[in-house]
Amino acid sequence: MGGRPLFVLNLVGFPRKLLSEGILDEILRGGSSVTKGIGIPTLGGHTIDDPEPKYGLVAVGEVAPSRMVTNAAARSGDRLVLTKPVGSGVVATAIKKGAADPEVVAAAVEAMVALNDEAAHAMVEAGVAAATDVTGFGLLGHLRSMVRASGVAAVVDADSVPFLPGARALAEAGHVPGGSARNLEDLAEAVTFAESVDPVTRTLLCDAQTSGGLLMCVPPERLAGLLERLEGRTPALAVVGEVVEGRAGSIRVR
């Protein structure tokens, strides 16, 4: 949202009986090393005894209200810029079933561990006013939320959306998360697909992402400057569509 993180806190659920194994130590050390690497300290946190391991960070930061980037400021004519490939949900599901090749796993991990900090800095420098992350609701789900909140519609060029290597083949083989399938069903009334957009592409456009990229709405006159700032700084860089006038929250995929 254009903010500057000041510090983070750990939030952990972990089985007490495994504390002596050193697993949690490595998890906390890993998270702290990542945030420390971009100048954000970890100032403690909270833990609870939980049979199912859970780990996350809450970030505390600041932002000038006049420069806040929100999901309610998209305007007709804005171009849609995506900074990471899509398909991590499908790859993760295949990993659980032992069906993903090592090179496919490596590409997905590389994308997921890439931070959005440089993309966020470029976004603010370019004067972007509207953006969203792409996580559990998939590319189309988060886009729907943004254009609905902004009172506009959107058009997505399916061929322009970058997918992770191997994601299409894995989706064709049926390795689709339940959340991704539910996303597609939930968007039935909001999204119109051209007949040329095949079922696998439709599913991938709704794939529930882990550590996805940013989807930015950029006025045409600022597009070139943003792309220049982002070049080589993000796992992917693609103009995937545009914001248009229309029924609020509706999306056409061509």
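Here is how the numbers come out for the structure above:
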| item | result |
| --- | --- |
| Calculated FRET value between Asp50 and Glu172, using beta carbons and R₀ = 30 Å, to 0.05 | 0.25 |
| Rounded to 5, the percent of DSSP beta bridges in the chain classed as antiparallel | 65 |
| Space enclosed by the convex hull of the alpha-carbon atoms of the range 122-254, per residue, Å³ | 106 |
| Overall dimensions of the range 1-110 by Cα: Rg and Dmax, Å | 18.4, 56 |
| Highest average packing first - 111-121, 60-70, Cβ atoms within 10 Å | 111-121, 60-70 |
| Shape call, the range 109-179: gyration tensor on alpha carbons, a/c limit 1.5 | oblate |
| Accessible carbon and sulfur surface of the chain relative to its total accessible area, %, 1.4 Å | 54 |
| Under-26-angstrom lysine pairs by C-alpha in the chain, whenever the two are 8 or more apart or on separate chains | 9 |
| Cβ crowding within 10 Å averaged over residues, with 36-43, 5-12 ranked highest first | 5-12, 36-43 |
| Test item: Cα-centred dipole of the chain, Lys/Arg +1 and Asp/Glu -1 on Cβ, debye | 420 |
| Global form of the chain, assessed from the alpha-carbon gyration tensor, a/c cut-off 1.5 | oblate |
| Cβ-Cβ FRET estimate between Ile23 and Val113, R0 fixed at 25 Å, reported to 0.05 | 0.85 |
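The values are calculated or read from the model by the stated rules, or taken from the named source; none is laboratory data. This structure is a prediction, so every number in the text was calculated from the model and none was measured. A quick note on method: Cβ atoms are made from the backbone with ideal geometry, for glycine too, and the neighbour counts reach across all protein chains shown. The area values use the complete protein model at the heavy-atom level, side chains included, leaving out ligands, DNA and RNA. Shrake-Rupley method; radii C 1.70, N 1.55, O 1.52, S 1.80 Å.
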